[in-house]
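Okay, so here's the structure we're looking at.
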Amino acid sequence: MKKAVKRPITLFTNIYKGKRVLVTGDTGFKGSWLTLWLHELGAQVTGMALPPDTEPSHFQLLALDNLIHHFDADVRNSQEVENVFRQVKPEIVFHLAAQALVRDSYDNPRTTFDTNIGGTINVLESIRLCPEVRAAVVITSDKCYDNHEWVWGYRENDPLGGQDPYSASKAAAEIVSAGYLRSYFGKKGLGPHLGFSTARAGNVIGGGDWAKDRIIPDCVRALTGNKPIVIRNPQATRPWQHVLDPLAGYLLLAARLLEKPDIFSGAWNFGPLSSDQITVRELAERFIDAWGSGTIQVAETLDDAPHEAHLLKLNVDKASFILEWTPVLNSSTAIDWTAHWYKSWHEHNSSLQQLSFRQIQEFQDRLIDRDYTEAP
């Protein structure tokens, strides 16, 4: 018979307090949430990124530049990256800066490759030359896999690939990162011995994303403009999850890399459970329910439209069994939290910084209170 046990509350307690942490891409959607969370955990946070490319932006609404030390810098510029590392001397690095849109990658392949491959190399070189770094996590994408649209989830040792410039750039970033780990960061490497991993997360949702060609921002723009939500591939399935779930994985992973770099270095998947993956139509319908109104319109399929995968799943067994990470929020709760955040923004009835703080705190409370089971 199995018994319920409480996981120790020491998951993040004091691990990040006082640590010098560098987040590249802090002006982006995921980066801004991670930066805010690290600030709440007591870290000395420095961000490095280009100015926000959307209006509004989560970074600006949170007034993050008043909470952390931020550098306007481009990861494609090696001198700018080296200058930030030289000044900050980070102990922990989270690399999120990227060109993150699939459809944009078709229009701007050079920028996509320069940013996602060249920018990653610049960050890795600065990590190699910075003796203070003890742990680093490079965020890539679930789209780094050679996707055959199988019904089972991809594992970390499955082949990498990509049918579009974005996916190919993320697969290449994974290969480059693995090369640095084996050549420089491992126990027998030529550089500093440190904990180093890549993280492949599924599609994230949550308050504060205004990027184009993403389903939740598209829903918000339609509903606030009293227009129908236009969806392109209603039956397409993606590994959607609330942004705080993979971020919890990144934070846990970096903490473990500090403790046991040889065990936790390598690639990791972070995504929803296989039983909790939904279609584009289901996501839009649930968002409308949470919002309280709205309609859906299916766009006409164009023959010359860029390729988009219809099915993509991640296997998260490695993170579950070795890292002891599993999602905290199911898809319904993730959509509810997301709709509540955007509705609060739309109605101007709350401080978005405080709202984001509260969602982080509630997430942490759920993480701490959640029961785990073990065999007797």
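The values are calculated or read from the model by the stated rules, or taken from the named source; none is laboratory data. None of the values given here were measured: they were computed from a predicted structure. Cβ sites come from the backbone with ideal geometry, for glycine too, and all protein chains shown count toward neighbours. With ligands, DNA and RNA removed, areas are computed over all heavy atoms of the protein, side chains included. Shrake-Rupley method; radii C 1.70, N 1.55, O 1.52, S 1.80 Å.
Rg and Dmax, both from the Cα atoms of region 114-241 and both in Å, are 18.0, 60. Taking chymotrypsin sites (Phe, Trp or Tyr not before Pro) as exposed when their DSSP state is a loop state and no more than 13 other Cβ atoms lie within 10 Å, the longest site-free interval of the chain runs over 153-376.
Placing unit charges on the Cβ atoms only, positive for Lys and Arg and negative for Asp and Glu, gives the chain a dipole magnitude near 1160 debye about its Cα centre. Computed on the Cα atoms alone, the convex hull of the chain gives a volume of 137 cubic angstrom per residue. When +1 charges are put on Lys and Arg Cβ atoms and -1 charges on Asp and Glu Cβ atoms, the dipole computed for region 172-229 relative to its Cα centre reaches about 180 debye. You can think of it this way: the chain between Asn77 and Arg221 has 48.5 nm of extra reach, that is 0.36 nm per residue less the Cα-Cα gap. Annotation: amide H-H contacts under 5 Å for Leu160 (H modelled 1.01 Å from N, sequence separation of 5 or more, or interchain): Asp146. Relative contact order for region 62-151: what percent, with Cα pairs under 8 Å and sequence separation of 6 or more? Reported relative contact order: 37 percent. Here the spin labels are modelled as points 7 Å beyond Cα on the Cα-Cβ line, and at Gln353 and Thr295 they lie 4.1 nm apart. Dipole check for region 125-170: with +1 at the C-beta of Lys and Arg, -1 at the C-beta of Asp and Glu, and the Cα centre as origin, the magnitude is about 180 Debye.
Restricting to Cα pairs below 8 Å that are 6+ residues apart, what does the relative contact order work out to for the chain? Please round to a whole percent.
Contact order relative to length: 19 percent.
Annotation: per residue accessible area for the chain equals 44 Å², rounded to a whole number [probe 1.4 Å, protein chains only].
A Förster distance of 22 Å, applied to the separation of the beta-carbon atoms of Ser274 and Gln163, puts the FRET efficiency at 0.45. Only one residue of Ser177, Ile205, Gln44 has its Cα farthest out toward the positive end of the dipole of the chain, where Lys and Arg carry +1 and Asp and Glu -1 on Cβ, and that residue is Gln44.
Equivalent-ellipsoid semi-axes for region 178-245 (Cα gyration tensor, √(5λ), whole Å, largest first): 41, 12, 9. Say we join alpha carbon atoms closer than 10 Å with springs in a Gaussian network model of the chain; which of Leu311, Leu22, Leu96 then has the biggest fluctuation? The residue with the greatest mean-square fluctuation here is Leu311. Each residue of region 259-265 was assigned a 3J(HN,Hα) from its phi angle through the Karplus curve 6.51 cos²θ - 1.76 cosθ + 1.60 (θ = phi - 60°); the sequence is 7, 9, x, 6, 7, 9, 5 Hz, with glycine and proline shown as x. Running a GNM on the chain with Cα contacts under 10 Å, which residue among Asp107, Asp142, Asp336 ends up with the highest mean-square fluctuation? Of Asp107, Asp142, Asp336, the Gaussian network model singles out Asp107 as fluctuating most.
Its relative contact order, with pairs defined as Cα atoms under 8 Å and 6+ residues apart, puts region 109-261 at 26 percent.
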